[in-house]
Amino acid sequence: MSWNTSGRVFRFTTWGESHGPAIGAVVDGCPPGLPLSEADIQPWLDRRRPGSSRFTTQRREPDAVRILSGVHEGRTTGTPISLLIENVDQRSKDYASLAQTYRPGHADYAYQAKYGHRDPRGGGRSSARETAARVAAGAVARAAIPEVRVRAYLVELGGDPIDREAFDDTAIDANPFFCPDPAAAERWEELVDGARRAGSSLGAVVECVAEGVPAGWGAPVYAKLDADLAAACMGINAVKGVEIGDGFLAARLAGEANADAMRPGETGGAPRFLANHAGGIAGGISTGQPVVVRAAFKPTSSILTPVESVTAQGDATEVRTPGRHDPCVGIRGAPVVEAMVALVIADHKLLHRAQCG
């Protein structure tokens with residue numbers, strides 16, 4: 001069975017390929033009566049849009065979204081919301097020479113092994129182009145969780161981390177890297193330019209914080225909020241690792257250092273936490289603290305540096321991938337991580353309401 005749908009109550013399905021006529025999403029389970037228009041969705045797509053700077057792919061896609069169903073007179077109707085984004089700048093000829101060759105680091109061989117056939121044009125369904133549909137669906141999810149602010153940014157690029165002491169929220173949208181440290185953003189310009197000139201690519205780490213998630217969302221065992229967030233982010237193209245809160249650092253801490261100590265809050269109110277090592281989730285359920293997720297993006301596999309591979313006939317060869325590719329796919333990964341976090345949180349809001357009222 002092929003899995004192209006995610007979510008339990010707030011569900012979305014994405015469809016389409018990188019070089020097909022269009023891509024899109026169908027969002028089902030969205031509550032009725034929410035204000036929603038194409039103008040509410042488009043700004044989020046513009047943040048992910050290719051060709052927005054010299055540090056991303058130069059494929060020129062407007063990513064203009066159309067709402068085909070599920071909205072009437074500016075409000076959701078409760079029926080499936082169909083979203084369409086046309087592909088207008090495909091260059092399929094760039095991949096003609098790769099139709100019978102497996103690109104290392106790509107899903108070419110894995111798709112061939114599973115389906116017995118694959119779409120070599122830009123990777124087809126495995127292309128990061130598919131994530132535009134997720135961002136559109138994520139914009140709908142935001143309408144369902146107006147009380148939650150979801151914000152993602154890069155904290156590391158090419159092995160160069162930001163200075164946490166220099167964190168500036170206003171800087172995130174002021175540079176092409178979604179970087180909260182202006183000095184790091186300046187260093188990253190040279191890193192990415194250098195990788196492009198060398199015909200190579202770089203990885204990155206995206207951190208996402210969701211503020212305003214109340215205590216109690218999630219479930220104890222098979223629908224843990226952190227497990228669903230990890231699965232959603234791990235399902236993003238090029239993501240190879242996900243952390244919640246301190247993540248792997250927690251394994252190097254002593255118990256007393258890792259514990260999120262609590263003190264009494266206001267009279268009759270929630271406790272006051274002194275730390276947030278758990279990333280706002282304990283036992284699979286939100287604690288009311290900010291939910292913190294990090295996703296590690298591998299370097300883009302489409303590079304001009306020759307890499308050893310084999311053909312579909314089993315012959316040895318070398319592959320260099322022509323075309324227009326992101327030298328660091330993690331840059332445009334920040335809006336995608338935001339979208340996936342918003343989609344999971346919207347789903348858990350509705351799950352909580354269904355059980356607890």
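Only aspartates and glutamates eight or more places from LYS349 in sequence, or on another chain, were considered; those with a Cα closer than 12 Å are GLU147.
Our Cα-only numbers for the stretch 1-81 put the radius of gyration and Dmax at 14.6, 41 Å.
Note on ASP169/ASP315: beta-carbon distance plugged into 1/(1 + (r/R0)^6) with R0 of 51 Å gives a FRET efficiency of 0.45. Take the Cα of ARG272, step 7 Å toward its Cβ, do the same at TRP3, and the gap between the two points is 4.3 nm. For the stretch 113-148, the residues whose backbone nitrogen is under 16 Å from a point 7 Å from the Cα of VAL307, taken along Cα to Cβ, are 122-124, 126-128. Once the chain from SER200 to CYS356 is taken as fully extended at 0.36 nm per residue, the excess over their C-alpha distance is 51.1 nm. Prolate is the label for the stretch 232-357, because the ratio a/c of its alpha-carbon gyration tensor axes (a ≥ b ≥ c) is 1.5 or higher and a/b is greater than b/c. Each Lys or Arg adds one and each Asp or Glu subtracts one; over the other residues with Cβ under 13 Å from the Cβ of VAL135, this totals +1. Summing +1 for each Lys or Arg and -1 for each Asp or Glu among the other residues whose beta-carbon sits under 11 angstrom from that of GLY218 gives -1. Taking 7 Å steps out from each Cα toward its Cβ at ALA259 and ALA231 produces label points 3.2 nm apart.
Comparing LEU202, LEU98, LEU249 in a Gaussian network model of the chain, where Cα atoms under 10 Å apart are tied by springs, the biggest mean-square fluctuation is seen for LEU249. Percentage of Cα-Cα pair distances in the chain greater than 29 Å, rounded to whole percent? Result for the distance tail: 43 percent. The residues of the chain present an accessible area of 46 Å² per residue when probed at 1.4 Å with all protein chains retained. Computed with every protein chain present, the accessible area of ARG8 is close to 110 Å² [probe 1.4 Å].
Taking all protein chains as shown and a probe of 1.4 angstrom, LEU84 keeps an accessible surface of around 30 Å². For the stretch 144-198, just list the percent of Cα-Cα distances falling in each 5 Å bin from zero outward, please. Percent of pairs per bin, in order: 4, 20, 27, 19, 13, 8, 5, 3, 1, 0.
In this label model, ASP160 and THR77 are separated by 5.1 nm, measuring between points 7 Å along each Cα→Cβ vector. Accessible area of THR170 (1.4 Å probe, protein heavy atoms only, ligands and nucleic acids ignored): about 110 Å².
The values are calculated or read from the model by the stated rules, or taken from the named source; none is laboratory data. Just so it is clear, the model here is predicted, and its values are computed rather than measured. Heads up, the Cβs are rebuilt from the backbone with ideal geometry, glycines too, and the neighbour counts pull from every protein chain shown. Each accessible area value is taken on the protein alone, full model and side chains, heavy atoms only, with ligands, DNA and RNA left out. Shrake-Rupley method; radii C 1.70, N 1.55, O 1.52, S 1.80 Å.
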